[in-house]
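Handing you a structure now.
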């Protein structure tokens, strides 16, 4: 029995269960790596903001009631050089009163402002309009409160230094680092998957060899399986299969012995019974009329029993063979003519005109078992002679069924088969008539034999009456 179309392959299942944990770990590792990368990038950039804020704070110098900011243009140009990574700053004195820089920096959150102490920087996130379109975008801000020494006797003034940087830079840097990390990891995973696939294929190679041993055998080959280098589990499977094969072989041998014994034990007594009855009917003085009728019935029953035994043994032998051994290349037309010629004397005894059609195909090469194929044709001819009846004709011929199939047909002009019985004539022990001639196995045997040859049998009913039986076989390509 072939596996279902949707049945998964063992190699794919193994690969899936090996790669699935790797894929999960790869995704989890990528997510963890991203968060760790973002954390370290944020820490580094926050340190950069802190250094920038302290540098700017050191440039604040009080002058009387004013404030001197010694902020060189070179340093300002550095902060604003990269349009994608600009630093925005603002100085206010006192906090909230703009003095210098970008007035649109987000203010310090109230909760952080309450905990602010001079020289202790505060980091927070906010939004501010950024070029090129002036849309609000997230920024990272550091706020540093600076205590400025005032005039003697006056309390120190408190200034606020704020520096902001666009958050998109952090994300871009984190993604770049993550990509540089995951690219070699992905290549490593692909290489590891390839190695795993190769390992699975190599590991399943003994199973493939075992499958080839079983699939390449003839049905009658029950020799044990042999494995050389294979895992213990596969050896256990092979041992179980060998045990089953040995048991099947023992049963086949027992059945073959039974068939041989049955052939001898059944045929010999029936043949002897027929001979004794025939001798009694031919004895002198003649048998009285009342006994002759009974002896003729006994002879008919013995003949029918002998025919039934032969059919049963043929069916049993066909089942015991299992496959189709000993095929030979046959030229179907020549072979069938020889078989029909041997049946002519029997047809004459039945009063039937058995002949070969002139319209036949000369060369139809097939591969077949001659004995089984003759058994099939003999059953068809026997039925034709029995049921066509005396005074009728039986014609045999061959033809090309299609480009790859040869056909052997037997046609009679007898009564044919009633429509009610046509669907069941290939069933075992089904009889379309109620006379004492047949046993209901002939066409069943024909059907089994033709099926084992890769062909088939079909019945056709000509318009003028009678029956045509068609046996077809695959043609053998020319050597």
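Once the Cβ-Cβ distance between residue 10 and residue 418 is put in as r, and R0 is 51 Å, what FRET efficiency do you end up with, to the nearest 0.05? Don't jump to the answer; show the numbers that get you there.
Numbers: r = 54 Å, r/R0 = 1.06.
The calculated FRET efficiency here is 0.40.
Using R₀ = 22 Å, calculate the FRET efficiency as 1/(1 + (r/R₀)^6) where r is the Cβ-Cβ separation of residue 249 and residue 367; round to 0.05.
Numbers: r = 27 Å, r/R0 = 1.22.
Efficiency for this residue pair is about 0.25.
Multiplying the sequence separation of residue 346 and residue 116 by 0.36 nm and subtracting their Cα-Cα distance, what value in nm do you get? It would help to have the intermediate numbers written out before the result.
Working: separation 230, 0.36 × 230 = 82.80 nm, distance 12.45 nm.
Full extension of this stretch gives 70.3 nm more.
Mind giving me the nanometre distance, one decimal, between the label points for residue 33 and residue 209, set 7 Å out from Cα along Cα→Cβ?
Placing both labels 7 Å along Cα→Cβ, they lie 4.1 nm apart.
I need two numbers for the range 326-474: Rg to one decimal and Dmax as a whole number, Cα atoms only, in Å.
According to the Cα coordinates of the range 326-474, Rg and Dmax are 14.5, 42 Å.
Using 0.36 nm per residue, how much length does the chain from residue 202 to residue 276 gain when fully extended, once their Cα-Cα distance is taken away?
Values: separation 74, 0.36 × 74 = 26.64 nm, distance 7.18 nm.
Extra length available between residue 202 and residue 276 comes to 19.5 nm.
Throughout, read-outs are computed from the coordinates displayed, never taken from laboratory work. Note that the coordinates shown come from a computational prediction; the quantities given were computed from them, not determined experimentally. Positions of Cβ are generated from backbone atoms using ideal geometry, with glycine treated the same way; all protein chains shown enter the neighbour counts.
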